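Have a look at the structure below, then the notes.
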Amino acid sequence: MYQDIVSEIEFTVKKEGRNGADVNLVVVSKTFAADDIEPVLELGARIFGENRVQEAAAKWPELQAVYNDVKLHLIGPLQSNKTAEAVALFDVIHTVDRKKIADYIAAEQLKQDKLLELFIQVNIGDEPQKAGIALAELADFYRYCVDEKKLNIIGLMCIPPAAHDSGPYFALLHKHAKALGLKGLSMGMSADFKTAIRLGATHIRVGSAIFGSRD
Ligand SMILES: *Cc1c(COP(=O)(O)O)cnc(C)c1O
């Protein structure tokens, strides 16, 4: 339930001595239909995350016609051929992880005269199958995005390895963000958002704890 999660977040924010204004709940509505999303909008949620451009384009414009202050976050991998649509639809992209995508986003932003907030996705557990830039390449990639492409990078994002304690990975991401002078930390999902809040998350991405399990 949305309100239960909001209460848990507020409780955790207090307990960990964080400032509530620094912790944003991204409600992950992927796979859920407009009928499931609308009650959560009615309860006041305004930041939503989707992992597929096509799915978001199919369901959000109609909802945004009614709830016009919604901010949409892309939290899934971005294919270069979807960049134009993604830049048009989303306010924030959490998954910038390679030069080609940085190039495409920069070009599209110019074309559309729109500046998004962006996170660099880091492959924090160095997993071969996972998206994200390797830690060893992070600093160079960050400089490329900012200096050469003039991208508005606001932070780092990660999805830690499954079946491990997320804590050490969140702490590592925090350390690297700090080293780059970045404040934003997109980390923590339904199972570990409290740990993420403790370790400095500014954006937690919560889906199933709000909507129930996805099948
Ligand atoms: C699906 C997804 C989430 C939400 O996961 P839950 O476990 O349902 O909270 C968060 N981040 C990303 C990148 C996702 O794809």
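Numbers below:
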{"quantity": "Residue-wise HN-Hα coupling along the stretch 13-26, computed from phi with Karplus coefficients 6.51, -1.76, 1.60 (Hz; x: Gly, Pro)", "calculated": "4, 5, 4, 8, x, 8, 9, x, 5, 8, 10, 9, 8, 9"}
{"quantity": "Theoretical gain in end-to-end length, Ala136 to Gln54 [0.36 nm per residue, Cα-Cα removed]", "calculated": "26.3 nm"}
{"quantity": "Those lysines that a straight Cα-Cα span of less than 30 Å connects to Lys100, excepting residues fewer than 8 apart in one chain", "calculated": "Lys30, Lys59, Lys71, Lys82, Lys111, Lys114, Lys130, Lys149, Lys150, Lys175, Lys178, Lys183"}
{"quantity": "Cα gyration tensor category, rounded, prolate or oblate, for the chain with a/c compared to 1.5", "calculated": "oblate"}
{"quantity": "Accessible area in the full protein assembly, largest first, 1.4 Å probe, for Ser7, Ser186", "calculated": "Ser7, Ser186"}
{"quantity": "Solvent-accessible area per residue for the chain (1.4 angstrom probe, square angstrom)", "calculated": "49 Å²"}
{"quantity": "Dipole in debye (nearest 20) - the stretch 2-211, about Cα centre, beta carbon charges: Lys, Arg +1; Asp, Glu -1", "calculated": "580 debye"}
{"quantity": "Sum of side-chain charges, Pro77 neighbourhood, beta-carbon under 11 Å (Lys, Arg +1; Asp, Glu -1)", "calculated": "+3"}
{"quantity": "Qualifying trypsin sites (Lys or Arg not before Pro) in the stretch 29-95, DSSP loop, other Cβ atoms within 10 Å at most 15", "calculated": "Arg46"}
{"quantity": "Placed amide H near Gln121: partners under 5 Å, 5+ positions off or other chain", "calculated": "Val96, Asp97, Ile133, Met157"}
{"quantity": "Phi to ³J(HN,Hα) by Karplus 6.51 cos²θ - 1.76 cosθ + 1.60 over the stretch 89-105, Hz, x for Gly, Pro", "calculated": "8, 9, 9, 9, 10, 9, 10, 6, 9, 7, 4, 4, 5, 4, 4, 5, 5"}
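The values are calculated or read from the model by the stated rules, or taken from the named source; none is laboratory data. Just so we're clear, the structure is a prediction, and the values are computed from it rather than from any experiment. Glycine also receives a Cβ, built like all others from the backbone with ideal geometry; neighbour counts cover every protein chain displayed. These area figures cover heavy atoms from the full protein model, side chains too; ligands, DNA and RNA do not enter into them. Shrake-Rupley method; radii C 1.70, N 1.55, O 1.52, S 1.80 Å.
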